[in-house]
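Notes follow the structure.
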Amino acid sequence: MTTRIYVPCDTTALSMGADDVAARLTQEAAARNIDVQIVRNGSRGLFWLEPLVEVETSTGRVAYGPVEAADVTDLADAGLFEGEQSHPLSQGLTDEIPYLKKQQRLTFSRIGITDPLSLDDYRAHGGFAGLKKALSISPQAILDEVKASGLRGRGGAAFPTAIKWQTVLDEPEGQKYIVCNADEGDSGTFADRLVMECDPYMLIEGMTIAGLAVGASQGYVYLRSEYPVAFRIFKTAIERAYDAGYLGDNITGSGRHFDLEVRLAAGAYICGEETALLESLEGKRGMVRAKPPLPAIKGLFGRPTVVNNVISLAAVPFILDKGGAAYADYGMGRSRGTLPLQLAGNVRRGGLVELAFGISLRELMEDFGGGTFSGRPLKAVQVGGPLGAYLPESQWDTPIDYEAFAAFGGVVGHGGVVMFDDTVDMGEQARFAMEFCAAESCGKCTPCRIGAVRGVEVIDRIRAGENSEANLELLSELCETMVDGSLCAMGGMTPFPVQSVIRHFPESLKG
Amino acid sequence: MHMSDKTTHANGVVSRSSAEPWTPALIQQEVDALKDKPGALLPILHAIQDRFGYIPDAAIPIIAETLRQTRADVHGVISFYHHFRTHPTGSHVVQICRAEACQALGARHLEAHVKERLAIDYHQTSRDNEITLEPVYCLGNCACGPSIRVDDDIHGRVTADKFDRLVERLTTAPLELPS
Ligand SMILES: Cc1cc2nc3c(=O)[nH]c(=O)nc-3n(C[C@H](O)[C@H](O)[C@H](O)COP(=O)(O)O)c2cc1C
Ligand code: SF4
Ligand code: FES
Ligand code: FES
């Protein structure tokens, strides 16, 4: 009998030595005359346990982690190949690990379970059911389902997806585009990466459905160049989807047409902003365009274009398969459905946590995250990427909900949660916000381009104790000028982390 | 905004172990293979850099003529993006993540250690021509920081010791010189 063993192949598992572990497992099994099949699955997103090795048994998959190559002999002696659970690295049945069991995985229901590139696996776990449905109904009916789901864009701005799609559908027929924003530039986020590395056909299916809904026959995925593993896997997935007739001019024999290509970005944070992204796809510098016109009306090459984040598009197959109402059943207020939260930074149990909107930040960081990695007290948390405020303890009881965060000037953004312990120098963090903006501004408007450079200088002076009071006032004015006078959120929101430090951690800005 | 200090290089002879030496004809080949794609410029620049390790100045007129753009336009695009290099690198490119989630786990300390260990700053190449150092803002490995990228491999939980061992392995591995 062949024993099936799973060793993940996503970036994080690889970064922790998964390839070496897989090689050692193969050797160890051979030496013991045990017949094994090593499957390179996606990651479950339980990153503190990576590499997480799973062994298939009659009662389910048994997990071991974090496994290093040097642990393999010891694990084999303790009965890993038989699914014995006595070794200290044994985590019991994977499905029973509380971190996983307590999640509500709608979008991430398959990750870590399947071989990312296996179409058979994808189909066996509900893949292409949404596409099948979409092919059987009208574009407007597809759109109505998305409307009923209440889905709002997961890339940051939380704009209702159905309204965007409707605008594109209502434009006269002709060349239209679906563009997937996979630039995922926010520190502390990796949900897009996980989709592309661990369940790539889901994104292909979601984009195809979007194309059917608005009448677009060409899609592009704009993927950041910092993700070489995602690029490799996703490119292969596209090839296989073409070979199997899920892409091209006759999708699953329906006569419908959708082409898809993945394009690599080139290391510019601003190209995550949708209009800069379109400029970049057109082969230009990533300069932000003034809106209007909206991309939905004049987007890529001047044509009507849907620009959506990976997670927005990846939610669509579920919505079509199970119905918009099933998705809208989850969540609170106007934040419907689930959000894949990402626990990162100084956290004991970092990883992907997909939950309905509404859980408090504190529950997330404590119950799931288990506190800090260092074991020291938690001091501050940055939610929503580099343009998000640093939140002090008094704000940790806020529920994860777009409106609840907006109420105090916070952002949920793409769902990244970056934790810092009490050794953090918050003044340094404020300085970095300005430094990052200075490095990444597209340069179109003065408050952003010049303001950020001045911001770094002023913070340096404050921290050096030069005229602190006057310079602090200058910094506050500078922040206001940037918020009011910038064309896009790069310059317009960079002050948020800075202002939050001034307000909540003032002692860190003393020289 | 882009700082203009792209990779400075000691002598410009040895390029990345995987890179081939360029010729105008080879560059033209890469350009021709992609020129008909809509928005072809970024794919072309990637193809050239992937194959030759960087984008030689001589590529600019070739690309400009083929795509019927001005040289200034092509140059402007190359200089806008951090990823594109206009000078050869050492045998390996090491990128240190400088973003917040890695900062929370000591990336600043690691960065200082790396610069001292290699005796170079960002956008420079070590004297033995082995390693070019670059900053990067997030590798999507934010739950297992600090993270670095070595060529196309990402490494997590990188301590000063782990970094030194990695460098040891990189520099003692047999160097494949381009023939
Ligand atoms: C500076 C800046 C960076 C951004 N980066 C990203 C990004 O990396 N990924 C993303 O999906 N959206 C990003 N956005 C938001 C996009 O402009 C846009 O709102 C989004 O792609 C729309 O898709 P959605 O409606 O599905 O969220 C960024 C916005 C700004 C201002
Ligand atoms: S705010 Fe900054 S990034 Fe945005 S358009 Fe202006 S200069 Fe460009
Ligand atoms: S920072 Fe833009 S090239 Fe170095
Ligand atoms: S912040 Fe370093 S990998 Fe994301």
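The values are calculated or read from the model by the stated rules, or taken from the named source; none is laboratory data. Being a predicted model, the structure only gives us computed values, none of them experimental. For neighbour counting, all protein chains shown are included, and Cβ atoms are generated from backbone atoms with ideal geometry for every residue, glycine included. In case anyone asks, the SASA skips ligands and DNA or RNA and just uses the protein heavy atoms, side chains included. Shrake-Rupley method; radii C 1.70, N 1.55, O 1.52, S 1.80 Å.
Hey, could you check region A:169-218 for residues that are at positive phi and either surrounded by fewer than 24 Cβ atoms within 10 Å (Cβ to Cβ) or among the hydroxyl-bearing types (S, T, Y) (or both) and say which is farthest from the chain's Cα centre (by Cα)? Only one residue fits best here, namely A:G174. Taking the criterion of being more than 10 Å from chain A (Cβ to nearest Cβ) and either of a type in the set (A, V, I, L, M, F, W, C) or open to solvent by 10 Å² or more (accessible area, probe 1.4 Å) (or both), the residues of region B:64-91 that qualify are B:A64, B:E65, B:T66, B:R68, B:T70, B:R71, B:A72, B:H75, B:R85, B:T86, B:H87, B:P88.
For region A:318-348, residues that are under 17 Å from the mean Cα position of the chain (by Cα) and outside any strand (DSSP E or B) total 1. Screening B:H87, B:H83 for residues that are under 30 Å from B:D32 (Cβ atoms) and touching a Phe, Trp or Tyr at 6+ places or on another chain (Cβ under 8 Å) leaves exactly one candidate, B:H87.
Across region B:144-156, the qualifying residues are those that are free of Cβ contacts under 8 Å to residues at least 40 places away in the same chain and open to solvent by less than 20 Å² (accessible area, probe 1.4 Å), and the one among them that is farthest from A:G375 (Cα to Cα) is B:I154. Among the residues of region A:301-317, those that are touching a Lys or Arg at 6+ places or on another chain (Cβ under 9 Å), within 14 Å of another protein chain (Cβ to nearest Cβ) and either within 16 Å of ligand 4 (Cβ to nearest atom) or in a helix (DSSP H, G or I) (or both) comprise A:V310, A:I311. Among the residues of region A:29-56, those identified as more than 16 Å from A:P116 (Cβ to Cβ) and open to solvent by 20 Å² or more (accessible area, probe 1.4 Å) are A:A30, A:A31, A:R32, A:N33, A:I34, A:D35, A:V36, A:Q37, A:W48, A:E56.
Among the residues of region A:365-398, those identified as part of a loop (DSSP other than H, G, I, E, B), more than 10 Å from chain B (Cβ to nearest Cβ), open to solvent by 30 Å² or more (accessible area, probe 1.4 Å) and not basic (K, R) are A:G375, A:P377, A:D397.
Where helices (runs of 4 or more DSSP H) fall wholly inside region A:182-284, the ranges with 3 or more residues that are among the charged types (D, E, K, R) are A:191-198, A:228-243. Which residues, counting only those in region A:449-467, are away from ligand 1 (no atom under 16 Å from the Cβ) and either farther than 16 Å from A:E428 by Cβ or touching a residue at least 60 places away in the same chain (Cβ under 8 Å) (or both)? Within region A:449-467, A:I450, A:V453, A:R454, A:E466, A:N467 qualify.
Here B:P56 meets each of (1) within 16 Å of ligand 3 (Cβ to nearest atom); (2) part of a loop (DSSP other than H, G, I, E, B) with one exception, condition (1). Helices (runs of 4 or more DSSP H) fully within region A:409-511 that include at least 2 residues being within 16 Å of ligand 3 (Cβ to nearest atom): A:426-440, A:446-463. Condition (residue is free of Cβ contacts under 8 Å to residues at least 12 places away in the same chain and farther than 30 Å from B:A25 by Cβ) applied to region B:119-137: is it met by at least one residue? Checking region B:119-137: at least one residue is free of Cβ contacts under 8 Å to residues at least 12 places away in the same chain and farther than 30 Å from B:A25 by Cβ.
If only one of B:A101, B:A72, B:A64, B:A112 is more than 16 Å from ligand 2 (Cβ to nearest atom), in a helix (DSSP H, G or I) and touching a residue at least 12 places away in the same chain (Cβ under 8 Å), which one is it? On inspection, the qualifying residue turns out to be B:A101. Screening the candidates B:L105, B:L118 for the property of being under 29 Å from A:A438 (Cβ atoms) and surrounded by 22 or more Cβ atoms within 10 Å (Cβ to Cβ) yields one hit, B:L105. When only residues in region A:1-12 that are among the hydrophobic types (A, V, I, L, M, F, W, C) and over 18 Å from A:S90 (Cβ atoms) count, which is nearest to the other protein chains (Cβ to nearest Cβ)? Out of the qualifying residues, it is A:C9. Out of B:E116, B:E168, B:E134, B:E111, one residue alone is acidic (D, E) and under 19 Å from B:G53 (Cα atoms). It is B:E134.
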